[in-house]
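First up is the structure itself, then whatever we jot down about it.
All of the numbers you see were taken from the coordinates with simple rules; none came from a lab. It should be emphasised that the depicted structure is a prediction, and the values quoted were computed from it without experimental measurement. So basically every Cβ, Gly included, is an ideal-geometry build from the backbone, and we count neighbours across all protein chains shown.
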Amino acid sequence: MNEFNKYVGLDVHKETIAVSVAEGNGGEVRYVGEVANTPEALEKLIRQLRKGGANLSFCYEAGPCGYGIHRQLRDLGWECLVVAPSLIPKKAGDRVKTDRRDSLALARLHRAGELTAVWVPDGAQEALRDLMRAREDMKHLQKQAKQRLLAFLLRHGKRYGGQDNWTQKHYRWLEQTKFDQPLQQIVFQEYLDTVKAMNRRIDSLDQQIQGSAAESVFWPVIEGLMALRGISLITATTIVAEIGDLRRFASAPQLMAYLGVVPSEHSSGSSKSRGSITKTGNGHVRRVLVEAAWSYRYPARKTVTLQRRAERTSEAVQEIAWKAQKRMCGRYQLLQSRGKLKVQVTTAIARELAGFVWAIGQTVPPPIAHA
């Protein structure tokens, strides 16, 4: 017997919400219409659907409109699922897509229990995630600004004679660089000032992250992950801000699949074919894990920095971190000796690193949610 009387599918957009209802007793699935995407309009919709004392369950796709509707419905006492768009079952031959059809499909699939919900962070956790994504965006803008400056210098024959760019010596050389044309000097200075401005913004965000991470309910997990080689404060905070409680994954392979670092597969009968990684799920965490995996190309070693980080954690976490380093450093050398490309080796190491991240997440006490 169905628990709910009505299953409501919401196709949410910036200005409007298309609404459909599937009767809980296996009855018809009907399109209700469009309402404005405002809290007041949503409350009015609930009053209309509740006539007769109906018990409601809502769902809508995760998207750019965020989790405001989810939080409003939960505060009003109704169940609401935020659905993973990539995991919604679709008919291969269905080529027509409208708001009406999308809401009808959501209501029908919600009643059938065939929708997969995403993890919804609370306000504080979402704020931490926004902070980490803002830093990632600033790093991207910084990279663009540096590329434009270097391209401008190259175009005018200005080449730095040192070894590495963006060191103190390189910045001193930039400050002494001069152009014959006054307008070109102005352009150069604007490019250089943009790079310096982005550096200051990133430094400011790094300071904010350091304080915010320490105050987060996930700080014990962040501290535990920092015992792993290649995982700094920024990487560890990115992982927990994007994933949340690692205990919600029943196994390490489940986390690996969620992050899209498992091989794709197309098998039929006796034929088995595996391809590149699926790249599904959270790309932010996948990126930082691949970056961290590069550090395992060197032999296993407890550096002073790693040792200081590990000393702040439990013996169980330290044991996992050292076991991870020995295994993955050795595996990196083994795969490389077999002629594998470096990017393939690093991806394989990132997959195993996700497993050790999961293991530490199970060892550290669960976070206490905000009130």
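Count the lysine pairs in region 220-371 whose Cα atoms lie under 24 Å apart, taking only pairs 8 or more positions apart in sequence or on different chains. Value for region 220-371: 10.
Across region 125-215, Cα pairs under 8 Å and at least six residues apart give a relative contact order of 52 percent.
For region 245-286 versus region 126-178, the inter-centroid distance based on Cα atoms is 35 Å. Helix 182-215 versus the longest principal axis of the chain: what is the Cα-based angle in degrees, 0 to 90, to the nearest 10? Approximately 60 degrees, to the nearest ten. For the chain, averaging the sequence separation of C-alpha pairs within contact (under 8 Å, six or more residues apart) and dividing by the residue count gives a relative contact order of 13 percent. Charge dipole (Cα centre; +1 on Lys/Arg Cβ, -1 on Asp/Glu Cβ; no other charges) of the chain amounts to roughly 1720 debye. Taking every alpha-carbon pair under 8 Å whose residues sit at least 6 apart, region 6-112 reaches a relative contact order of 38 percent.
Shape of region 219-363 from its Cα gyration tensor (a ≥ b ≥ c, root eigenvalues): rounded if a/c is under 1.5, otherwise prolate when a/b > b/c, or oblate?
oblate
Peptides 125-131, 90-96, 301-307, 139-145 ranked from most to least packed, by the mean per-residue count of other Cβ atoms within 10 Å: 125-131, 139-145, 301-307, 90-96. Computed per residue of the chain from DSSP H runs no shorter than four, each worth -39500 (n - 2.57), the mean residue ellipticity at 222 nm is -17500 deg cm²/dmol. Note on residue 341 and residue 171: their simple-model spin labels are 3.7 nm apart, each label 7 Å out from Cα toward Cβ. Shape class of region 6-108 from the alpha-carbon gyration tensor: oblate, with a/c at 1.5 or above and b/c at least as large as a/b. Name the shape class, rounded, prolate or oblate, that the alpha-carbon gyration tensor gives for the chain, where a ≥ b ≥ c are the square roots of its eigenvalues, rounded holds for a/c under 1.5, and otherwise prolate holds if a/b is larger than b/c and oblate otherwise. Prolate is the answer for the chain, as a/c is 1.5 or above and a/b outweighs b/c.
Given R₀ = 35 Å, FRET efficiency for residue 41-residue 276 by Cβ-Cβ distance, to 0.05?
With a Förster radius of 35 Å, E is 0.20.
Taking the Cα centre of region 181-327 as reference, the dipole from Cβ charges on Lys and Arg (+1) and Asp and Glu (-1) amounts to some 680 debye. Look at the dipole of the chain built from charges on Cβ: of 67, 112, 354, the Cα furthest out on the positive end belongs to 354. Distance distribution note for region 219-259: the fraction of Cα pairs above 12 angstrom is 59%.
Only alpha carbons enter this Debye calculation for region 125-215, each as an equal point scatterer, and the log10 of I(q)/I(0) it gives at q = 0.10, 0.17, 0.19, 0.22 Å⁻¹ is -0.34, -0.77, -0.88, -1.07.
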